[in-house]
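These notes concern the structure reproduced below.
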Amino acid sequence: MGTIRIGQGYDVHRLVEGRDLWLCGVKVPHTHGLDGHSDADVAIHALCDALLGALALGDIGRHFPDSDPAYKGIDSKILLGHVMRLVASSGYAVGNVDITICAQSPKLMPFIPDMRQTLARVMETDVDAVSVKATTTERLGFEGRKEGISAMAVALVEKIN
């Protein structure tokens with residue numbers, strides 16, 4: 001067995017009017033979207049941080065700074081693809097990833113199969129290696145007040161060469 005590493009990621013974005021809501025690379029119909037320099041896909045951002053953390057490569061802000069106009073409005077799937085190239089060039093492959101999205105609304109269960117498929121496609125891995133879960137905070141905190149959405153992710157990577 002090769003070297004196994006695990007990384008953890010966390011991200012938060014504020015909900016605002018006038019933006020699309022993107023989660024795990026899927027556009028979710030909602031009255032509000034997430035505010036940010038990119039498309040603000042909080043789940044992909046947490047996933048990128050988990051993958052980068054597993055390899056001690058810093059965080060998403062180091063690789064894709066919000067001060068760089070090249071990333072203004074960028075599709076976060078592009079960022080994840082870049083992170084996956086870093087994983088491969090480091091000689092690692094993804095074992096599995098697990099994401100939890102914390103949002104009071106909208107209800108995300110109907111979108112989870114598409115989210116898993118989308119992430120698996122971008123990561124070039126099997127869908128059974130991609131877990132996406134959603135939870136509310138029982139109306140507590142900023143998520144419960146519908147002010148924002150947070151996401152947590154863990155990623156396991158294994159040395160392949």
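The values are calculated or read from the model by the stated rules, or taken from the named source; none is laboratory data. Model, not experiment: these values are computed from the prediction. Glycine gets a Cβ as well: all are built from the backbone with ideal geometry, and neighbour counts include every protein chain shown. Heads up: the accessible areas ignore ligands, DNA and RNA and are worked out on the full protein's heavy atoms, side chains in. Shrake-Rupley method; radii C 1.70, N 1.55, O 1.52, S 1.80 Å.
Between ALA56, ALA103, which is of a type in the set (A, V, I, L, M), surrounded by fewer than 15 Cβ atoms within 10 Å (Cβ to Cβ) and either farther than 23 Å from ILE4 by Cβ or at pLDDT 95 or above (or both)? Outline the logic, then answer.
On the way: ALA103 fails: surrounded by fewer than 15 Cβ atoms within 10 Å (Cβ to Cβ).
The conditions single out ALA56.
Among the residues of this structure, SER90 counts as one that is without any contact (Cβ under 8 Å) to a residue 60 or more places away in the chain and hydroxyl-bearing (Ser, Thr, Tyr).
Given the condition of a type in the set (Gly, Ala, Ser) and modelled with pLDDT under 95, answer yes or no: does some residue in the range 108-123 qualify? The answer is no; no qualifying residue exists. For the range 21-38, the condition holds for no residue, the condition being that it is part of a strand (DSSP E or B), in contact (Cβ under 8 Å) with a residue 12 or more places away in the chain, of a type in the set (Lys, Arg) and in contact with a strand residue (DSSP E or B) (Cβ under 8 Å, 6 or more places away or on another chain). Scanning the range 1-12 for residues that are surrounded by fewer than 21 Cβ atoms within 10 Å (Cβ to Cβ) and assigned to a strand (DSSP E or B) yields a total of 6.
Applying the criterion of being touching an Asp or Glu at 6+ places or on another chain (Cβ under 9 Å) and of a type outside the set (A, V, I, L, M) to the residues of the range 62-80, the residue that is farthest from GLY18 (Cα to Cα) is LYS77.
Quick one: is ASP66 open to solvent by 20 Å² or more (accessible area, probe 1.4 Å) and in a strand (DSSP E or B)?
Answer is no for this residue.
For the range 110-161, taking the residues that are more than 17 Å from the chain's Cα centre (by Cα) and small (Gly, Ala, Ser), the one that is least open to solvent (accessible area, probe 1.4 Å) is identified as GLY144. Taken over the range 89-100, residues that are open to solvent by 10 Å² or more (accessible area, probe 1.4 Å) and either among the aliphatic types (A, V, I, L, M) or under 16 Å from VAL154 (Cβ atoms) (or both) amount to 7. The set of residues in the range 71-88 being within 15 Å of ALA54 (Cα to Cα) and either open to solvent by less than 30 Å² (accessible area, probe 1.4 Å) or of a type in the set (A, V, I, L, M) (or both) consists of LEU80, VAL83, MET84, LEU86, VAL87, ALA88.
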